[in-house]
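Notes to accompany the following structure.
The values are calculated or read from the model by the stated rules, or taken from the named source; none is laboratory data. Because the structure is a prediction, the values reported are computed rather than measured. Methodologically, a virtual Cβ is constructed for each residue, glycine included, from the backbone with ideal geometry; neighbour enumeration extends over all protein chains shown. The protein model used for the area step is the full one, side chains on, heavy atoms only, and it has no ligands, DNA or RNA in it. Shrake-Rupley method; radii C 1.70, N 1.55, O 1.52, S 1.80 Å.
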Amino acid sequence: MNFTTLNELAVLCETQNMTIGQLMLEEQSRESGRTPEAEFATMAQYYEVMKEAVHKGLNEDTTSPSGLTGLDAQRVVNYGKQSEMNLGGAAGEVMAYALAVSEVNASMGRIVATPTAGSCGVIPGVFVSSQQRFGWTDEHMVYGLFAAGAIGYVIANNSFISGAEGGCQAEIGSAIGMAAGALVELRGGTPAQAVHAVGLALKNTLGLICDPVAGLVEVPCIVRNGFGAVTALAAADMALAGVRSVIPSDEVIQVMMEVGSSMPEKHRETAKGGLAQTPTGRKIMQEL
Amino acid sequence: MRFKDVFSIIGPVMVGPSSSHTAGAARIGRSARHLYGKQPEKAVVVFYGSFAATYQGHGTDRAIVGGLLDYDTDDPRIPMALDYAKQSGLEVSFEEGRGVVRHPNTAKLILSDRNGGNEVTMTGISIGGGNIEIIEINGFNIKMTGIYPTLVIQHYDSPGVLAYVTQALSLEGTNIAHMSVDRKNRSGNAMTVVEIDGEIKKGILARISQMDALISLGIIDLSQETQTEEQK
């Protein structure tokens, strides 16, 4: 890849008059030696898997093997039909879709890691609900996934994307940043605005620990996907409105690295601290 | 760069719930299956660290056995892989490993025929997002990722082996992405593991098979499509 920072990415896009998604498709093709058409087709297949996961989570039984979680997405949808949601239609829907995919994951269904399985609900939630709302083509969405991938590539190589290394900020935080930046681009924002959205979003999850109850990708992972998707909409709106990340996004990524590196091991996916070690968390672990 | 392309960020397509504990485990199992060359009759799976602590909740056991049945990370049969293994004559046992390991998500596989003959061992670690590293094969310390088609060459430690292998690849117009070499002792057994760009051409296998110092040649290629039930 010809970029290592988000700033380099934005400058490259502007000088070549390309979107982040278009540029990433070219870069990917050069890296893999496969044609852009082949790479595009692979990503298009991945998007189909995301759509299927949303549909499955909204319509089928998603009770996990542990019995701890399942059907929360459907609860949100049903509640939205019966009463006025606090979030309003669009944000309520994105939350339900993200929960749906995350619940499919917990029940051993098929998903795409974006960037991990623990954070697999945020991007499909934002993408699939926004596509329905704005009537975008699948092609437009697939370019959006390349844009999300470019942002994630920078975060992963400058900081981390796994909870075991950097806490939940690295998983859910990265997913929100990727979704927010991509959504700015999907809405017609500039690469610079997309990059601001990433910084705005990441700042909101700095310090978030990874403390899965009984070590499972269920509590609190699933609801954090729901919250994360809503946050991505908010960050994209701020950036499209012209709000800037005063601390540049690349510097925020470095902060994520600094915070994650100093996070105690018990708060990095070991189930030795946080929610996992509450009286109830310990009881659940013993009973499973 | 630890992460090399867009599909290490968006991807893999996988059966949940954990990219490190489920998808990574499936890839480790599948690497061992490829190296064995066919479905083994017996597999001992040793889990260490976080794998040992949480393997049932994450389906790590089912995923790694799915890999041994040559399932890819998104194969819908993974949740039922233990049953399919039994049906197809693969006897699996799980053990909890002791001692210090360098990564929290480590699994060792010991594959053999029913009587314990024809044994192959492999140790893999799952480093996040479904990405893996194989760090040991048959007692040799090596490194490979499963991202590239890989040649696993066991041979006698004698002068000219590396030159022979690299020339064989060069003559077939194939580029080496990464390579690691280890030996048990001087002039004893050695292993060379070569990750390459592009496909493994027949000519490469033909040339390396003729090498005097060769003991065995294995191929690990996780980019290959998994056979579905219908195709079999």
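With a cut-off of at most 16 other beta carbons within 10 Å, and DSSP calling the residue loop, which trypsin sites (Lys or Arg not before Pro) in the stretch B:105-157 qualify? Please list them. Don't skip to the answer; put the middle values down first.
On the way: sites: B:K108, B:R114, B:K143; in loops: B:R114.
Those satisfying the criteria are B:R114.
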Item to check | the stretch B:1-97: trypsin sites (Lys or Arg not before Pro) in DSSP coil with no more than 13 other Cβ atoms inside 10 Å | outcome: B:R2, B:K38
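In chain B, which longest range has no GluC sites (Glu not before Pro) that are both DSSP loop (not H, G, I, E or B) and surrounded by at most 11 other Cβ atoms within 10 Å?
Details: sites that count: B:E225, B:E229, B:E230.
The reported range is B:1-224.
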Item to check | Estimated inter-spin distance, B:M1 and B:K184, nm [label 7 Å along Cα→Cβ] | outcome: 4.0 nm
Item to check | Buried solvent-accessible surface, both chains (A, B), 1.4 Å probe, Å² to nearest 100 | outcome: 2800 Å²
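Per residue, how many Å² of accessible area does the protein assembly as shown show with a 1.4 Å probe? Intermediate results must be reported in sequence, preceding the final value.
Numbers: 21410 Å² over 520 residues.
Each residue of the protein assembly as shown exposes 41 Å² on average to a 1.4 Å probe.
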Checklist entry - Hey, what did chain B get for relative contact order, percent, Cα under 8 Å, at least 6 apart? => result 21 percent
Checklist entry - Among the Cys residues of chain A, which have no other cysteine Cβ under 4.7 angstrom away? => result A:C13, A:C120, A:C221
Checklist entry - Which angle between 0 and 90 degrees, to the nearest 10, do you get for helix B:49-58 versus the longest principal axis of chain B when only C-alpha atoms count? => result 50 degrees
Item to check | Residue-span extension gain [A:N78 to A:H55] - 0.36 nm each, minus C-alpha spacing | outcome: 6.8 nm
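Is there a pair in A:K272/B:K86; A:K266/B:K86; A:K203/A:K266; A:K272/B:K42 whose C-alpha atoms are over 27 Å apart, and which pairs would that be? Each step should come with its number before you reach the end.
Numbers: A:K272/B:K86 35 Å; A:K266/B:K86 38 Å; A:K203/A:K266 23 Å; A:K272/B:K42 35 Å.
The answer is A:K272/B:K86; A:K266/B:K86; A:K272/B:K42.
What percent does the relative contact order of the stretch A:6-287 come to when contacts are Cα pairs within less than 8 Å and at least six residues apart? Mind showing how you got there, number by number?
Numbers: 526 pairs, mean separation 56.6, N = 282.
Contact order relative to length: 20 percent.
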Checklist outcome for this item: Longest principal axis of chain B (C-alpha) makes with the long axis of helix B:161-171 (C-alpha) an angle, in degrees to the nearest 10, of 90 degrees
Next on the checklist: Which residues among the stretch B:116-144 fall inside the zone where the amide N is under 16 Å from a point 7 Å beyond the Cα of B:E91, along Cα→Cβ?
Outcome noted: B:116-120
Item to check | Share of carbon and sulfur in the accessible heavy-atom surface of the stretch A:1-152 [1.4 Å probe, %] | outcome: 47 percent
Item to check | Cross-link reach list, aspartates and glutamates versus A:K81, counting only Cα pairs under 13 Å and skipping chain neighbours closer than eight places | outcome: A:E93
